[in-house]
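Report on the following structure.
The values are calculated or read from the model by the stated rules, or taken from the named source; none is laboratory data. As the structure is a computational prediction, the values presented were derived from the model and not from experiment. Don't worry about glycine lacking a Cβ; one is built from the backbone with ideal geometry, like all the others, and counts go over all protein chains shown. What goes into the accessible areas is simple: the full protein's heavy atoms, side chains included, and nothing from ligands, DNA or RNA. Shrake-Rupley method; radii C 1.70, N 1.55, O 1.52, S 1.80 Å.
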Amino acid sequence: LNRNPGVQLTPSSSTSGWFDTTTVAYPVVIPPTRHNPKWQCYYYGRGETWKSSSSSSSEDDDGTNDKTVIKPFLPTGWIGRAESDDGLTNWVKQEGTQESHSLLAPTGNANDWDGAHLGLGDVVVRQDVKNHNESNDENDILDMFYFGGSDQVMQLGPTSIQGLDMQIGRAKSTDGGRTWQRLGLCLERDADQEGLFCGFPQVSVVDETLWLMVYHTFDGQIWTAYSAVSEDKGETWRRCEGPLLEKGNDGAWDDQGVGCRSMIRIPSSSDDDDNQEEYLMIYEGVASSNGRHRLGVAHGTVNQDGKLVFTKDTSFGDVPGGPVLASGEAPLWNDGVGFPNGNVGTPYLALDPEDGSLRLYFVCIHEKRFEIGCVVSPTGDPTQWEFPTTSTAAVAQS
């Protein structure tokens with residue numbers, strides 16, 4: 001039993017044979033659906049290394065080992081799933097059908113875009129089942145948007161980095177998330193306009209035809225969030241012009257950029273058909289001074305062209321966006337209880353269908369220890385968070 005009241009998931013035992021013995025990260029949490037009464041948490045993790053062999057060196061053409069070739073420190077690797085009755089306690093990891101009990105594993109082929117490692121982006125529960133060719137009355141049909149990298153080596157300053165050429169793909173499940181079929185790439189990286197990779201996608205279904213995706217990139221120095229739209233239910237995607245959310249001013253808490261982020265549609269308070277859709281975003285900001293990752297707040301609307309437009313919250317604090325949550329600081333750390341000083345990231349927002357409260361799931365990293373946590377906002381105020389008031393969350397069983 002973990003004494004931290006916010007902890008939801010931790011890595012599996014080193015002797016378990018599971019894929020996630022070192023890291024767990026990027027929770028994608030789905031409340032109960034028409035076919036599944038459980039809360040589901042999809043996530044990614046890994047053991048000591050990725051699918052491919054060496055993580056610290058590669059062999060040059062002349063047969064020598066180039067010790068400058070390294071893999072980026074990412075907790076990516078394999079994708080899995082856990083379930084809970086209330087989404088706050090007693091998560092149980094569900095055994096997958098692929099390698100090391102995962103739901104989706106890297107292909108293991110060095111040149112495949114998702115051959116070396118995978119990361120989760122989002123899972124969409126399809127509400128238009130009647131429009132599918134499949135006849136399925138017992139299970140949810142799900143779309144997974146994930147990203148992956150190959151064994152390709154890229155140059156980043158004086159260092160060669162392996163596996164950073166990440167791109168976004170899609171998979172589909174017709175049995176409620178137990179098994180998945182790869183559907184290939186849906187958004188390739190744009191090295192000329194965006195950066196070294198595109199990854200960490202989140203998808204929002206606006207209406208019967210329009211889907212919105214937000215993702216982020218890295219150009220070797222700065223993280224930046226971008227967006228794309230689909231008018232065929234996620235089959236194909238078109239990039240929107242320009243960044244969605246950019247780094248803060250020099251010296252700000254997010255002056256090295258915007259990484260992972262989660263957005264949720266806010267129910268309209270008006271009956272006016274012309275009332276704009278409003279979105280709440282929690283985003284991961286990075287500080288250039290110390291590389292620290294913290295969480296901030298932004299608000300957005302969809303303009304007449306179907307493009308998302310976001311601005312950082314200026315209603316609290318001295319710097320736009322926040323931060324609103326930082327490990328080692330209240331409310332994540334109080335009187336020696338909670339998440340000690342480190343990094344907090346990979347946020348994911350979920351609405352409790354029972355009481356309308358807002359939940360925020362995230363990962364905290366302290367001295368290489370990974371824990372997926374949760375805080376709640378009973379009123380839905382994105383600047384006011386507290387630990388769940390239910391009994392202490394247990395380490396997930398596997």
Residue tally, condition open to solvent by less than 30 Å² (accessible area, probe 1.4 Å) and free of Cβ contacts under 8 Å to residues at least 60 places away in the same chain, over the range 197-210: 2
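Being open to solvent by 10 Å² or more (accessible area, probe 1.4 Å) and either at pLDDT 95 or above or touching a Leu at 6+ places or on another chain (Cβ under 8 Å) (or both) is the filter here; which residues of the range 330-342 pass it?
First pass over the range 330-342, keeping only residues open to solvent by 10 Å² or more (accessible area, probe 1.4 Å): 330-331, 333-338, 340-342.
Within the range 330-342, P331, G338 qualify.
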On the given criteria, is T224 within 11 Å of E284 (Cα to Cα), surrounded by fewer than 22 Cβ atoms within 10 Å (Cβ to Cβ) and touching a residue at least 24 places away in the same chain (Cβ under 8 Å)? yes
Are any of the residues in the range 173-182 within 19 Å of the chain's Cα centre (by Cα) and over 16 Å from V125 (Cβ atoms)? yes
Can you tell me which residue in the range 354-372 is most open to solvent (accessible area, probe 1.4 Å), limited to those that are part of a strand (DSSP E or B), within 18 Å of L74 (Cα to Cα) and not acidic (D, E)? R369
Do we have K233 as touching a Phe, Trp or Tyr at 6+ places or on another chain (Cβ under 8 Å), in a loop (DSSP other than H, G, I, E, B), open to solvent by 10 Å² or more (accessible area, probe 1.4 Å) and at pLDDT 95 or above here? no
T301 vs. criteria open to solvent by 70 Å² or more (accessible area, probe 1.4 Å) and touching a strand residue (DSSP E or B) at 6+ places or on another chain (Cβ under 8 Å): no
All positions within the range 1-29 that are surrounded by 23 or more Cβ atoms within 10 Å (Cβ to Cβ), closer than 14 Å to G80 by Cβ and not hydroxyl-bearing (S, T, Y): Q8, L9, P11, F19, D20, V24, A25, P27, V28, V29
Residue satisfying condition, being more than 26 Å from F145 (Cβ to Cβ), open to solvent by 20 Å² or more (accessible area, probe 1.4 Å) and either assigned to a loop (DSSP other than H, G, I, E, B) or modelled with pLDDT under 90 (or both), within set P320, P243: P320
